[in-house]
Every structure is written in C-alpha cells, then in structure tokens.
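The values are calculated or read from the model by the stated rules, or taken from the named source; none is laboratory data. Because the structure is predicted, anything quoted here is derived from the model rather than measured. Neighbour counts are summed over all protein chains in view; Cβ atoms, including those assigned to glycine, are modelled from backbone coordinates with ideal geometry.
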C-alpha cells in the first residue's frame, strides 16, 4: 500500500505513521451598468460562502481565526450515494478542518475541541514538538482553499488522530473526507479537460482508492467496537454509508446484506429507506451482469 501521508515530511513529521492506521489504538466510547445581471453576479463566488471564526486550541490555548462555511448560506444539492455532501458553487468539505498556527494541532471541526489530558500529552510529544512549519499561518482574511491545500490539512488531521490514538471511526471519517476531497479534485480536473489532465487524474484516482478502502475498513471495524452515534451518524446512516462504500468498491454481496437489513428496519428513517431501495435496484443490476 502506498504511503497515505506522503508529503507531510516537510513538517518534520513521520510519514510512516500511517503504515497501519488501525494497528495500535485505544477504543473510545463512544449586477453592469445596462442593468443586465452578468453570470459573475448571478453566480456567487466560493469566497462569498466563507467567514472567519475565532476558536481556541485545546493543546496550547492559543486563540486563532479559521475559515469556515457561513451557516445556511450554501444551497444544498443531492449528495452522492455514499453521503458526500454537495452544495452549489462551493465544496464545503474543504473547510471542515482547523489547524492551530502556533502548535500545529490539526483536526476535523467536530473533533477539534474534544481532547483528554492524555491525548494532549500525546499530541504535544508526537506533533507539536516535531513541527518545522505551522500548517496554517495566522490570518485575518478569509482564505479560499484549493483542493491540494485542503487535502494536505486533512492528512495532518489524520496524522494527529493516529498520534492521539483516536477512535477507529474518527480515523475512518478522516480517510473518507480525504477521499471525498480527492473525488472533488478529480471532478475539477475533468471539467478543465480530462485529456490534458489525464496523468493528474490517474494519480489522484490511485490515491483516492487507497483512502476510500481505508475508510471502508475503518468503519467496518468500528461497528464491532464503538457505540452510536458514530462520526455524528446513527446506526442506520452508518449502515447506509457502509453499503454505499461496499457498492463503490465492487463488494455487491456485502452491500446487499446491509441494504436488505435497512429496508426492513423499524428504526431507519424514510430517507434512509428510500436510498436503500434505490441502491437495491443498482445492486441487482450489477449482480445480473
């Protein structure tokens, strides 16, 4: 397996920490003057959806500002089958990570403030003490991220999660978020020209496959060791996610078992059941072939 965290060496970190993501861990519970509206005016830019928010680092107590998505500003679109969120004009996934410019502690927003004293000690020893360069400079202006920058920060978040011995589902969620960002990057490259960007897309696909498989493996493992909610999802949503990931990985029989369970579930929401029925038809088509 390729080194998932390659490129983090410039920060003074050990890239090989991801050779076995789930190996050593402690399970944790759970408008123009003519009046015409131009296309530019009609379609907001990515920056229009962003804001700066001050947060406090739980490791070094530094208060810094980070770029986030304005609540309720972006218009939601139909998510991907594996629940990857989609919005008009902006990929919100890029901004779902915070990184302290003082000590280097980096994490997905939902996990950023939640650390035990032991985890703070592990992060100080395994991350903060080794950083040659802070992953994010202190800023007072909204920062529009490209995919490469966003992916790098999420890799730092995954690295930190491994170092602090975070829950299996937290590691799986970080891998899934990186895979979603790589999918977004491939879509962007294809829109610019699939032929001229073929080499870059192929390289991106290879990395995407590795992270997606790791995310799948992680969630499957977490099911047997963690309580729900998991990554902010109830059991039915996690089952739907795993079924969708299994489908995308070509594991149709495995996916089918989860889908069958969701369809007869008394606790799954109407939306989850609808998605399960849609996926069932897709699975049957694949199995026929």
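Just one of the listed residues (74, 107) is buried (at least 18 other Cβ atoms within 10 Å of the Cβ), in contact with a strand residue (DSSP E or B) (Cβ under 7 Å, 6 or more places away or on another chain) and within 22 Å of residue 17 (Cα to Cα), and it is 107. Filtering 59, 27 for residues that are modelled with pLDDT of 50 or more, in the same structural domain as residue 143 (by TED's automatic domain parsing), under 23 Å from residue 124 (Cβ atoms) and in contact with a helix residue (DSSP H, G or I) (Cβ under 8 Å, 6 or more places away or on another chain) leaves a single hit, 59. The residues of the stretch 78-92 that are in a loop (DSSP other than H, G, I, E, B) and more than 13 Å from the chain's Cα centre (by Cα), listed by number, are 78, 79, 80, 81, 88, 89.
Output yes when any residue across the stretch 146-169 is out of contact with any strand residue (DSSP E or B) (no Cβ under 8 Å at 6 or more places or on another chain), surrounded by fewer than 19 Cβ atoms within 10 Å (Cβ to Cβ) and either more than 30 Å from residue 249 (Cβ to Cβ) or not assigned by TED's automatic domain parsing to the domain that holds residue 20 (or both), and no when none is. For the stretch 146-169, residues out of contact with any strand residue (DSSP E or B) (no Cβ under 8 Å at 6 or more places or on another chain), surrounded by fewer than 19 Cβ atoms within 10 Å (Cβ to Cβ) and either more than 30 Å from residue 249 (Cβ to Cβ) or not assigned by TED's automatic domain parsing to the domain that holds residue 20 (or both): absent. Of the residues making up the stretch 260-267, none is within 21 Å of residue 175 (Cβ to Cβ) and in the same structural domain as residue 281 (by TED's automatic domain parsing). Among the residues of the stretch 243-256, not a single one is buried (at least 16 other Cβ atoms within 10 Å of the Cβ), closer than 18 Å to residue 22 by Cα, touching a helix residue (DSSP H, G or I) at 6+ places or on another chain (Cβ under 6 Å) and modelled with pLDDT of 95 or more.
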